[in-house]
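What follows is a short report on a single structure.
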Amino acid sequence: MEYIKLGKSDLECPRIALGCMRLGDKPEERAEAVIAAALDEGVNMFDHADIYADGESERKFGRAFKALGISRDKVILQSKCGIRKDLGTFDFSKKHIVEAAEGSLKRLGTDYLDILLLHRPDALMEPEEVAEAFDALFRAGKVRFFGVSNFSPYQIELLKGGRVEVIANQLQFSLMHAAMVEEGLNVNMYNDESVQRNGDILNYCRLNGIAVQAWSPLNYGFFGGIFVGNGKFPALNAELSRLGEKYGCTPAAIAFAWILRHPAKMQVIAGTTDPEHLRALCRGAEVGLTREEWYGLYRSTGKILP
């Protein structure tokens, strides 16, 4: 497994992290098995959120982590907060951020988080209040670093104005959800792909030393489903299979390799709870796609280069 420094932090993180959203309704043995498989593959970073299965995903991970007897300093734990499912709102108040972080710590059975992300932008965000919450958590030794998820450049700039240092931005990105790349390829065009729906967030993060974490790397649309092996995308799957045969890995691993090939040095969040599927996905970190193969996969999604 290849490791990178996450943003401007000193955290050495694997290019692939394990997303734990789906652990909540799985048996204890499955949670233990996928965590053990992740560590065997060098995937020692685990991504959580307080809302995943209403906190049960964090609780189940915490119990599995304890049962496996893993040393806390051998792993990197990340969680997210800010979505109030109980109220149908977003909430970046100091009170909620601090309480949410403390709740995650309790459920995970740990004294500190390595990273805490703000899950989705809050229209009522007060940057100074967010900074106060982060300062309180940092000074108490409860959170080491901070970041965001699904934020635009100017939303991050607002936080920076409030003295918040952002090391990561978790964004939806895949072969079939690639607007961050499409807008950069279609500058000065009148087609749909030229519309900047993301505010050029990819280049912004690169210029500012902010790590991009790709979530839903095998999905199309907004939780539309998995595109690998999906009959709706025959040309893409034919190319994924061809390259999988060439490199001796699964088509899904090639989809991971496509993301990892981008010079932004993104990190991919793998959301599987199947140990063997995770092992297969990790082979994608060992594949070095050529420029022609990378663009060939992009074109196979139906996109046309201008």
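Mind listing just one residue for me: the one in segment 6-25 that is in contact (Cβ under 8 Å) with a residue 12 or more places away in the chain and open to solvent by 50 Å² or more (accessible area, probe 1.4 Å) and, of those, farthest from K74 (Cα to Cα)?
D25
Among the residues of segment 171-215 satisfying the criterion of being within 24 Å of D47 (Cα to Cα) and free of Cβ contacts under 8 Å to residues at least 40 places away in the same chain, which is surrounded by the fewest Cβ atoms within 10 Å (Cβ to Cβ)?
Within segment 171-215, the match that is surrounded by the fewest Cβ atoms within 10 Å (Cβ to Cβ) is N203.
Filter segment 76-122 down to residues that are crowded, with 18+ Cβ neighbours inside 10 Å, closer than 19 Å to R59 by Cα and free of Cβ contacts under 8 Å to residues at least 40 places away in the same chain, then give me how many there are.
8
Quick one: how many residues across segment 66-109 are touching a Phe, Trp or Tyr at 6+ places or on another chain (Cβ under 8 Å) and closer than 16 Å to I35 by Cα?
Here the count works out to 6.
Output the number of residues of segment 123-148 satisfying the condition of being surrounded by 18 or more Cβ atoms within 10 Å (Cβ to Cβ) and among the small types (G, A, S).
Total meeting the criteria: 3.
Considering only segment 295-306, how many residues are exposed (fewer than 14 other Cβ atoms within 10 Å of the Cβ) and within 14 Å of I259 (Cβ to Cβ)?
Summing the residues that are exposed (fewer than 14 other Cβ atoms within 10 Å of the Cβ) and within 14 Å of I259 (Cβ to Cβ) in segment 295-306 gives 0.
Within segment 243-273, how many residues turn out to be of a type in the set (K, R) and part of a helix (DSSP H, G or I)?
The total comes to 1.
Mind listing whichever residues of segment 161-170 are open to solvent by less than 20 Å² (accessible area, probe 1.4 Å) and without any contact (Cβ under 8 Å) to a residue 40 or more places away in the chain?
Passing the criteria: G162, V164.
Determine, yes or no, whether E56 is within 21 Å of the chain's Cα centre (by Cα), surrounded by fewer than 19 Cβ atoms within 10 Å (Cβ to Cβ) and farther than 25 Å from I4 by Cα.
When the stated conditions are applied, E56 passes them.
May I ask you to list the residues in segment 240-264 that are in contact (Cβ under 8 Å) with a residue 40 or more places away in the chain and open to solvent by less than 40 Å² (accessible area, probe 1.4 Å)?
L240, L243, I254, A255, F256, W258, I259, L260, H262, A264
Where residues in segment 168-213 are within 23 Å of I269 (Cα to Cα) and at pLDDT below 85, which of them is nearest to the chain's Cα centre (by Cα)?
Checking each candidate, the answer is N198.
Okay, residues lined up against (1) out of contact with any Ser or Thr (no Cβ under 8 Å at 6 or more places or on another chain); (2) farther than 22 Å from E12 by Cα; (3) assigned to a helix (DSSP H, G or I):
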| position | (1), (2), (3) |
| --- | --- |
| F146 | yes, no, no |
| E157 | yes, yes, yes |
| L171 | no, no, no |
| M180 | yes, yes, yes |
| Y190 | yes, yes, no |
| E193 | yes, yes, yes |
| Q196 | yes, yes, no |
| G209 | yes, no, no |
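Please verify whether segment 268-280 includes one or more residues that are open to solvent by less than 60 Å² (accessible area, probe 1.4 Å), of a type in the set (S, T, N, Q) and within 16 Å of the chain's Cα centre (by Cα).
yes
With L240, L305 as the choices, which residue is within 29 Å of V187 (Cα to Cα), in contact with a helix residue (DSSP H, G or I) (Cβ under 9 Å, 6 or more places away or on another chain), assigned to a helix (DSSP H, G or I) and not hydroxyl-bearing (S, T, Y)?
Result: L240 is the single residue among L240, L305 that is within 29 Å of V187 (Cα to Cα), in contact with a helix residue (DSSP H, G or I) (Cβ under 9 Å, 6 or more places away or on another chain), assigned to a helix (DSSP H, G or I) and not hydroxyl-bearing (S, T, Y).
Output the residues belonging to segment 26-35 that are buried (at least 22 other Cβ atoms within 10 Å of the Cβ) and without any contact (Cβ under 8 Å) to a residue 60 or more places away in the chain.
Listed by number, the list holds a single entry, I35.
Of the residues G82, G62, G42, G19, which single one is under 28 Å from F256 (Cβ atoms) and touching a His at 6+ places or on another chain (Cβ under 8 Å)?
Of G82, G62, G42, G19, the one residue that is under 28 Å from F256 (Cβ atoms) and touching a His at 6+ places or on another chain (Cβ under 8 Å) is G82.
So which of E129, E165 ends up being among the acidic types (D, E) and under 21 Å from the mean Cα position of the chain (by Cα)?
E165
The values are calculated or read from the model by the stated rules, or taken from the named source; none is laboratory data. Keep in mind the model is a prediction, meaning the values are calculated, not measured. All Cβ positions, glycine included, derive from the backbone under ideal geometry; neighbour counts span all protein chains shown. Quick note on the areas: whole protein, heavy atoms, side chains included, nothing else; ligands and nucleic acids left out. Shrake-Rupley method; radii C 1.70, N 1.55, O 1.52, S 1.80 Å.
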